[in-house]
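Structure first, then comments.
The values are calculated or read from the model by the stated rules, or taken from the named source; none is laboratory data. Owing to the predicted nature of the structure, the values given are computational and were not obtained by experimental measurement. So basically every Cβ, Gly included, is an ideal-geometry build from the backbone, and we count neighbours across all protein chains shown.
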Amino acid sequence: MKELREEFGLTYIFISHDLFVVRFISDRIAVMKDGKIIEIGQAEDIYRSPKAEYTKNLIASILP
């Protein structure tokens, strides 16, 4: 998917509960809670410095 995106300039909307896959595949992410977006931005920025408490808890749940 990443190669196709770069080669053809594609944009994907990728929905997943697997945060490892989301981090690998996404440039930008939106974090949803109860059907509402609570945080949106560059993937690395959100993983490095999440603003919402919910996002912090999600990321903490996948880190060793």
* Structure fact -> Here the qualifying pairs (Cβ atoms under 7 Å; residues six or more apart or on different chains; first in the range 37-54 and under 10 Å from Asp27 (Cα atoms); second part of a helix (DSSP H, G or I)) come out as Ala43/Arg23
* **Answer residue from the range 40-62, given it is exposed (fewer than 13 other Cβ atoms within 10 Å of the Cβ) and among the hydrophobic types (A, V, I, L, M, F, W, C) and is modelled with the highest pLDDT among those** => Ile40
* Does the range 21-39 include one or more residues that are exposed (fewer than 13 other Cβ atoms within 10 Å of the Cβ), part of a loop (DSSP other than H, G, I, E, B) and among the acidic types (Asp, Glu)? -> yes
* Asked: Within the range 3-16, is there a residue that is among the basic types (Lys, Arg), in contact with a Phe, Trp or Tyr (Cβ under 8 Å, 6 or more places away or on another chain) and surrounded by 10 or more Cβ atoms within 10 Å (Cβ to Cβ)?
  -> yes
* Among the residues of the range 23-39 satisfying the criterion of being touching a helix residue (DSSP H, G or I) at 6+ places or on another chain (Cβ under 9 Å), modelled with pLDDT of 90 or more and of a type in the set (Val, Ile, Thr), which is nearest to Ala60 (Cα to Cα)? -> Val31
* Run down Ile46, Ile15 and say which single residue is assigned to a loop (DSSP other than H, G, I, E, B) and not small (Gly, Ala, Ser). => Ile15
